[in-house]
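Notes follow once the structure below has been shown.
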Amino acid sequence: MLVVRPGGPATLEALLAEARRRPGRLSFASTGPGGTPHLAAELLKLRAGVDITHVAYRGAAPTITAMLAGEIDMTFLDVPVLLPHIRDGKLRPLCVTARERAAVLPEVPTTAEAGLPGVEVENWYSMLAPAGTPTGRVTRLAWAVRDVLAPESETARRFVEMGSRIVNAGPEEAGAFIQAEIAKWAEVIRVANIRPD
């Protein structure tokens, strides 16, 4: 989710307009170079054609502290981490970077709904098996995971309450998704010239 401090722009459109008026003057916090929050902001910069300065912190807690202190203009972090600060009115959500709105904050639009399609960034988890695992075993594992994460299950309910979204994909769909993610982030890393520290 993309958040700004209270008093910051009220919409993604307003944030981007300000970034265009003041190239390089707005800042975004990340939890460290090359992490998901950093890559999310670089993807936003790439798709929107704006220049926003990166300030790296060592984790989510210092990033949030900097946001609450007004040192930084914006950040991307996971919904569960941001939720208490949003509910307290200390941070303002502009959009969620998922394909769908977050169930815990249904009033917050997606980036596409906010006017910037192509900025989808989600922390995702997938269960993988070693290469060469027989297809039958992979299929049985996939069905077992589907059962555990079925919409009516307690496990699924707990994930949704925390702000997660469950996509119960099969092996082929998951493999295609992973390949698309690799291609997307390779482009962002190349364009932003991100290098390991």
For this session: List the residues whose amide H sits under 5 Å from the amide H of Leu94, counting only those 5 or more places along or on another chain, with H placed 1.01 Å from N in the peptide plane.
Result: Leu2, Val3, Val4
Exercise. Using 1/(1 + (r/R0)^6) with R0 = 25 angstrom and r between the beta carbons of Ala180 and Arg47, what's the FRET efficiency to the nearest 0.05?
Worked result: 0.95
Exercise. Roughly how many nanometres apart are two label points built 7 Å out from the Cα toward the Cβ at Asn193 and Arg22?
Worked result: 2.5
Problem set entry | Percent antiparallel among DSSP beta bridges (both partners in region 2-121, rounded to 5) | 45
For this session: May I ask you to evaluate 6.51 cos²θ - 1.76 cosθ + 1.60, the Karplus curve with θ = phi - 60°, for each residue of region 8-14 and list the ³J(HN,Hα) values in order in whole Hz, giving x for glycine and proline?
Result: x, x, 7, 9, 4, 4, 5
Seminar exercise, completed: Two pseudo-spin positions, 7 Å from Cα along C-beta at Leu105 and at Val148, lie apart in nanometres by 2.8
For this session: May I ask you to list the trypsin sites (Lys or Arg not before Pro) in region 1-75 that are in a DSSP loop and have at most 14 other Cβ atoms within 10 Å of their Cβ?
Result: Arg25, Arg58
Seminar exercise, completed: With x for Gly and Pro, the residue-by-residue ³J(HN,Hα) of region 65-77, computed from phi through the Karplus equation 6.51 cos²θ - 1.76 cosθ + 1.60 at θ = phi - 60° and given in whole Hz, is 4, 5, 5, 5, 7, x, 6, 10, 7, 7, 7, 10, 9
For this session: Largest first and in whole Å, give the semi-axes of region 132-197's equivalent ellipsoid, each being the square root of 5 times a Cα gyration tensor eigenvalue.
Result: 30, 20, 9
Exercise. So for the pair Leu68, Asn168, with labels modelled 7 Å out along Cα→Cβ, what separation do we get in nm?
Worked result: 3.8
Exercise. In whole angstrom, how far apart do the alpha carbon centroids of region 135-197 and region 68-89 sit?
Worked result: 25
Problem set entry | Semi-axis lengths (Å, descending) of the ellipsoid that matches the C-alpha gyration tensor of region 43-192 | 31, 21, 14
Problem set entry | Over region 2-121, equivalent-ellipsoid semi-axes from the Cα gyration tensor in Å | 18, 17, 14
Exercise. From the backbone phi of region 160-174, what are the Karplus-calculated ³J(HN,Hα) couplings (6.51 cos²θ - 1.76 cosθ + 1.60, θ = phi - 60°) in whole Hz, Gly and Pro given as x?
Worked result: 5, 4, 7, x, 8, 10, 9, 10, 8, 7, x, x, 5, 4, 5
Exercise. GNM on the chain, C-alpha springs below 10 Å: top fluctuator among Ile182, Ile72, Ile64?
Worked result: Ile182
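Where a number appears in this text, it was derived from the coordinates with a stated rule and is not lab data. Owing to the predicted nature of the structure, the values given are computational and were not obtained by experimental measurement. As a convention, Cβ positions derive from the backbone with ideal geometry for all residues, glycine included, and neighbour counts pool all protein chains shown.
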